[in-house]
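Colleague: After the structure tokens below, expect a handful of questions from me.
Only the coordinates and a few stated rules stand behind these numbers; no lab work does. Keep in mind the model is a prediction, meaning the values are calculated, not measured. Every residue, glycine as well, gets a Cβ built from its backbone with ideal geometry; the counts of neighbours run over all protein chains shown.
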Amino acid sequence: MKSEFTLKPERCKGCGICVAFCPRQVLTLDTLGKVYVANHDKCIACGQCELRCPDYAIFMDKVVPKKVQRFDETTGLSITVEEAEK
């Protein structure tokens with residue numbers, strides 16, 4: 001599952017809780033001690049960063065795949081495919 005991040009650096013006090021609880025090391029702190037997304041592709045959208053942030057500086061919107069029926073002209077069959085939907 002993919003996700004979209006909204007970071008509010010003005011709210012971040014640099015405690016590092018979100019960084020510590022991220023199971024995939026997606027987040028890190030910059031030189032000013034503010035959180036930023038270092039490895040977005042590794043994110044599994046677990047929501048631990050948003051849940052643990054005491055300052056409400058991280059918001060996550062999960063992108064849920066939507067199943068759609070399509071007709072495959074090559075095979076003549078109806079197939080089910082997933083499309084990203086917010």
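Colleague: For Phe21, put the label point 7 Å out on the Cα→Cβ axis and report which residues of region 40-61 keep their amide N under 18 Å from it.
Modeller: Within reach of a label on Phe21: 43-61.
Colleague: Given Cβ point charges of +1 (Lys, Arg) and -1 (Asp, Glu) and nothing else, what value in debye, to the nearest 20, does the dipole of region 2-85 about its Cα centre take?
Modeller: The calculation lands at about 380 debye.
Colleague: Let a ≥ b ≥ c be the square roots of the eigenvalues of the Cα gyration tensor of region 17-60; is it rounded (a/c under 1.5), or, if not, prolate (a/b larger than b/c) or oblate?
Modeller: The shape class here is oblate.
Colleague: Starting from the Cα gyration tensor of region 2-85, take the square roots of the eigenvalues, sort them a ≥ b ≥ c, and report rounded, prolate or oblate (rounded when a/c is under 1.5, otherwise prolate if a/b is larger than b/c, else oblate).
Modeller: prolate
Colleague: Which net charge results when you count Lys and Arg as +1 and Asp and Glu as -1 among the other residues whose beta-carbon is under 13 Å from that of Ser78?
Modeller: Charge balance in the 13 Å sphere: 0.
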